[in-house]
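These notes concern the structure reproduced below.
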Amino acid sequence: MLLLALDTATPAVTVALHDGEAVIASSSQVDARRHGELLLPAVDHVLTGAGLTLDAVTGIVVGIGPGPYTGLRVGLMTADTFGLALGVPVHGVCTLDGLAYAADLDGPFVVATDARRKEVYWARYADSRTRVTDPAVDRPADIADEVAGLPAVGAGALLYPDTFPSAHEPQHVSAAALASLAAERLAAGVELPEPRPLYLRRPDAQVPKNYKVVTPK
């Protein structure tokens with residue numbers, strides 16, 4: 001097994017290789033505006049660092065969000081393209097699950113990433129491997145009672161200390177954690193979902209209200 005994992009659902013552009021037993025190479029850069037520019041060089045960097053070529057990969061793992069539309073689709077489209085070109089399966093993993101796995105907490109806690117618009121993408125976990133709610137997007141104040149008293153991880157939690165007073169690192173998902181979680185689940189016979197994006201709201205881009213349609217003569 002050689003899994004190539006990547007995620008662009010948060011400001012981090014993150015890539016990793018996992019050989020079925022451990023992460024053998026990884027790369028993460030935080031730049032919310034350059035997902036498309038940074039992702040392929042990062043893939044090349046981890047493959048070169050491991051002394052491997054792309055055709056050695058036997059499976060793709062990609063974070064399916066939730067996340068902003070533009071960033072998230074970069075990773076998903078790249079994963080689909082690799083899967084088709086190599087003829088290997090593409091496995092989707094919830095980005096929040098990757099953050100929870102990296103947090104390595106035993107008791108109940110919350111993962112929250114920055115959704116912009118003064119909102120967070122979030123979910124509750126029983127432990128680092130078990131999510132107990134579906135991912136959602138809300139204003140922090142609207143979920144204060146539901147997350148009260150729970151530790152929290154993620155950039156979204158760190159942005160809103162009034163709602164998440166016990167927030168701490170990691171801020172962003174790492175492909176290393178995503179790959180390790182996927183490898184663990186695959187080894188246990190768990191079927192991972194298809195890489196369908198978790199878009200929890202409409203994209204920021206809107207058609208102008210006074211858009212004029214020009215009919216060709």
Of the residues 76, 84, which is in a helix (DSSP H, G or I) and surrounded by 22 or more Cβ atoms within 10 Å (Cβ to Cβ)? 76
Residue satisfying all of: in the stretch 164-188; among the small types (Gly, Ala, Ser) and either touching a Lys or Arg at 6+ places or on another chain (Cβ under 9 Å) or in a helix (DSSP H, G or I) (or both); farthest from residue 124 (Cα to Cα) among these: 187
For the stretch 110-133 the number of residues that are more than 22 Å from residue 162 (Cβ to Cβ) and open to solvent by 30 Å² or more (accessible area, probe 1.4 Å) is 6
Against the condition assigned to a loop (DSSP other than H, G, I, E, B) and at pLDDT below 95, how does residue 161 come out, does it pass? no
Options 177, 136: the member that is touching a helix residue (DSSP H, G or I) at 6+ places or on another chain (Cβ under 7 Å), among the aliphatic types (A, V, I, L, M), open to solvent by less than 60 Å² (accessible area, probe 1.4 Å) and at pLDDT 95 or above: 177
Would you be able to say whether some residue in the stretch 87-109 is open to solvent by less than 20 Å² (accessible area, probe 1.4 Å), at pLDDT 95 or above, assigned to a loop (DSSP other than H, G, I, E, B) and not aromatic (Phe, Trp, Tyr)? yes
Only residues that are closer than 24 Å to residue 192 by Cα and part of a strand (DSSP E or B): list them for the stretch 23-64, please. 23, 24, 25, 26, 27, 28, 59, 60, 61, 62, 63
For the stretch 130-145: of the residues being assigned to a helix (DSSP H, G or I) and of a type outside the set (A, V, I, L, M, F, W, C), which is nearest to residue 181 (Cα to Cα)? 140
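The values are calculated or read from the model by the stated rules, or taken from the named source; none is laboratory data. Everything numeric in this text was worked out from a predicted model, so none of it was measured. Positions of Cβ are backbone-derived with ideal geometry, glycine not excepted, and every protein chain shown enters the neighbour counts. With ligands, DNA and RNA removed, areas are computed over all heavy atoms of the protein, side chains included. Shrake-Rupley method; radii C 1.70, N 1.55, O 1.52, S 1.80 Å.
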